[in-house]
Amino acid sequence: MPSTFLAAQLKGGQPLEPETSANTTAGLVVDTGPFTLTADYFRVDVENRLALSQTFTLNDDERELLLSEGITSARTLQFFRLFVNDFSSRNQGVDLVSTYAPPALGGGTVFSFTFNYTHTELTKESALLTAGDVLGLQRGVPRTRWNVALNQQVARVGLLARLNYYGAWVDHFDARFVRGADSPLLDGRYIVDLEATIPITRDVTLAVGGQNVFDTFSQRMDLFADIFGLPYSQFTPWGMSGGYYYARLNYSWGG
């Protein structure tokens, strides 16, 4: 519901203002040939951040007031939410990306590592957001994510093995609409990806592999399984469908 509608104003709705943001970054690059590293720090401050409020209902006095103003739809209005932007947030963290190709292995072996840590906090809260809303905004994605990978060339065949880690997070639907601030942190998980790339001809390449090859799921949510028939979080960072296995033909032309 628009925040300036009378029903919204009864719950604290105000005219929306433009979001404003300030971004600070600093970085470092190291390149020695076989070894590369980029390290970045970032901080993003957002004021008047836009979001949906908690769910409201009208009491009898509010309903009568709306009807007296000629708003006949108040008779059937049961639940509503409105946009708010009277709160502010700060996201800050670090990104690391590194590769290493050991010279002794002839350049056919490349190790890579990526790391991200992002901390989100509300520096100014809104009275129209519940504690569950705040929890979902601050912990709805993992604070820590990283992966380490090995790319290996064996004759004409390319091999990839990658280990991913996703830290703990909160299902923000659970936090906002079900258990609120009591929504638990879901445990982090390690995920493995594998791929082999095989040239068939000069222009055709076959790739065979799998993402999440060990079919790892997030922590089971029995409450959601009982209510919605959905035992795993739909917001799982690596996907909620388990392992994904594929064979892919790539064709290039013009070379």
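The table below lists the values:
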quantity	calculated
Pairs where the first residue, in region 154-170, is surrounded by 15 or more Cβ atoms within 10 Å (Cβ to Cβ) and the second is in a strand (DSSP E or B) and hydroxyl-bearing (Ser, Thr, Tyr), C-beta under 6 Å, 6+ apart	Gly158/Thr197; Tyr165/Tyr190; Gly167/Thr144
Qualifying residues in region 75-99 (those that are hydrophobic (A, V, I, L, M, F, W, C) and outside any strand (DSSP E or B)) - the one surrounded by the most Cβ atoms within 10 Å (Cβ to Cβ)	Leu82
Residues (part of a strand (DSSP E or B) and either crowded, with 16+ Cβ neighbours inside 10 Å or over 16 Å from the mean Cα position of the chain (by Cα) (or both)) located in region 116-143	Asn116, Thr118, Thr120, Leu122, Thr123, Lys124
Subset of region 207-222 (residues that are surrounded by 14 or more Cβ atoms within 10 Å (Cβ to Cβ) and farther than 17 Å from Gly188 by Cβ)	Ala207, Gly209, Gly210, Gln211, Val213
Scope region 161-180; condition of a type in the set (A, V, I, L, M, F, W, C), at pLDDT 80 or above and under 19 Å from the mean Cα position of the chain (by Cα); matching residues	Leu163, Ala168, Trp169, Val170, Phe173, Ala175
Some residue of region 14-23 being more than 30 Å from Val148 (Cβ to Cβ), at pLDDT 90 or above, of a type outside the set (Phe, Trp, Tyr) and touching a Phe, Trp or Tyr at 6+ places or on another chain (Cβ under 8 Å)	yes
Counted residues, region 185-217 - those being without any contact (Cβ under 8 Å) to a residue 40 or more places away in the chain, touching an Asp or Glu at 6+ places or on another chain (Cβ under 8 Å) and over 15 Å from Arg248 (Cα atoms)	2
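The values are calculated or read from the model by the stated rules, or taken from the named source; none is laboratory data. Computed from a predicted structure; not experimentally measured. Note that each Cβ is placed from the backbone with ideal geometry, even for glycine, and that neighbours are counted across all protein chains shown.
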